[in-house]
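Structure first, commentary second.
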Amino acid sequence: INCGIEVGYKKSVWDGTTISYYISGPFVYSGDYNRDGELVIYGKGDMPEYGSIASALQGDTDTKIAPWWLLSSTYDSIVVDTGITRIGENSFAYACEYVTGVKVSKTCTSIEKGAFLGGSNIQTVYLPVSLEYISADAFPDSTNVTVMFEGTEEEFSRIDMGNLSYASVIYNVSY
């Protein structure tokens, strides 16, 4: 079965801001998914903070899990689109197992704790010059990452940096 598909969802979050998402791409099913989809997060404002999937599985009914978590086997890249200003805690935790690339919009200023927890296959992360903060635990499982940075080496050094400080960096990248 080979089909193009677009899955969409719209959710209002805490302050009345609307954050939405869709997954698009050619999915081929032949016993396993061909993970060529792209998860795109769009809207205006901060992404909400989500809880631990472990807490939810242990029966904590107050834990909010990112709605794209159940669809994580259908995409291999994540785009945080223009308008999103903050990637919240656990936003993609255990929903990025198959992700190899991440693009963060030029409006984003921070990436919080656990945002890409479980993303051991992430190889390339595009980061904007607008970024001011990356939590030390934002990419805890991503150990072989190349950062494609929009700005200069000096601008990159100003970011309050988490565990991506060891990554190889390519500067002055347009995306």
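Of the residues that sit in the range 18-48 and are surrounded by 17 or more Cβ atoms within 10 Å (Cβ to Cβ) and either in a loop (DSSP other than H, G, I, E, B) or in contact with a Cys (Cβ under 6 Å, 6 or more places away or on another chain) (or both), which one is modelled with the lowest pLDDT?
Once the filter is applied, the top-ranked residue is R35.
What number of residues within the range 157-175 are of a type outside the set (A, V, I, L, M, F, W, C) and touching a strand residue (DSSP E or B) at 6+ places or on another chain (Cβ under 7 Å)?
5
Search the range 110-128 for residues being aliphatic (A, V, I, L, M) and farther than 16 Å from I159 by Cβ, and hand back the single one that is modelled with the highest pLDDT.
I122
So which residues in the range 139-152 are modelled with pLDDT of 95 or more and either in contact with a Lys or Arg (Cβ under 8 Å, 6 or more places away or on another chain) or open to solvent by 20 Å² or more (accessible area, probe 1.4 Å) (or both)?
T146, M148, E150, T152
Are there any pairs, at least 6 apart or on different chains, whose C-beta atoms fall under 8 Å, with the first in the range 52-70 and surrounded by fewer than 16 Cβ atoms within 10 Å (Cβ to Cβ) and the second modelled with pLDDT under 75, and if so, which?
P67/Y9; P67/K11
Please count how many residues of the range 154-175 are exposed (fewer than 13 other Cβ atoms within 10 Å of the Cβ), in contact with a Phe, Trp or Tyr (Cβ under 8 Å, 6 or more places away or on another chain) and closer than 23 Å to G114 by Cβ.
Looking only at that region, the number is 1.
Would you pick out the residues in the range 62-120 that are in contact with a Cys (Cβ under 7 Å, 6 or more places away or on another chain) and aromatic (F, W, Y)?
Of everything in the range 62-120, just one residue is in contact with a Cys (Cβ under 7 Å, 6 or more places away or on another chain) and aromatic (F, W, Y), namely F116.
Every residue in the range 73-107 that is in a helix (DSSP H, G or I) and surrounded by fewer than 21 Cβ atoms within 10 Å (Cβ to Cβ), please.
The one that is in a helix (DSSP H, G or I) and surrounded by fewer than 21 Cβ atoms within 10 Å (Cβ to Cβ): S73.
Scan T82, T152, T109 and give me the residue that is under 24 Å from K44 (Cβ atoms) and out of contact with any strand residue (DSSP E or B) (no Cβ under 7 Å at 6 or more places or on another chain).
None of the others qualify; the one that does is T82.
Given S165, S174, S142, S130, which one is free of Cβ contacts under 8 Å to residues at least 60 places away in the same chain, in a helix (DSSP H, G or I) and over 16 Å from V40 (Cα atoms)?
After applying the criteria, what remains is S165.
The values are calculated or read from the model by the stated rules, or taken from the named source; none is laboratory data. A quick note: this is a predicted structure, and the numbers were derived from the prediction, not measured. Please note: Cβ atoms are built from the backbone with ideal geometry, for glycine as well, and neighbour counts cover all protein chains shown. Note: areas computed on protein heavy atoms with side chains; ligands, DNA, RNA excluded. Shrake-Rupley method; radii C 1.70, N 1.55, O 1.52, S 1.80 Å.
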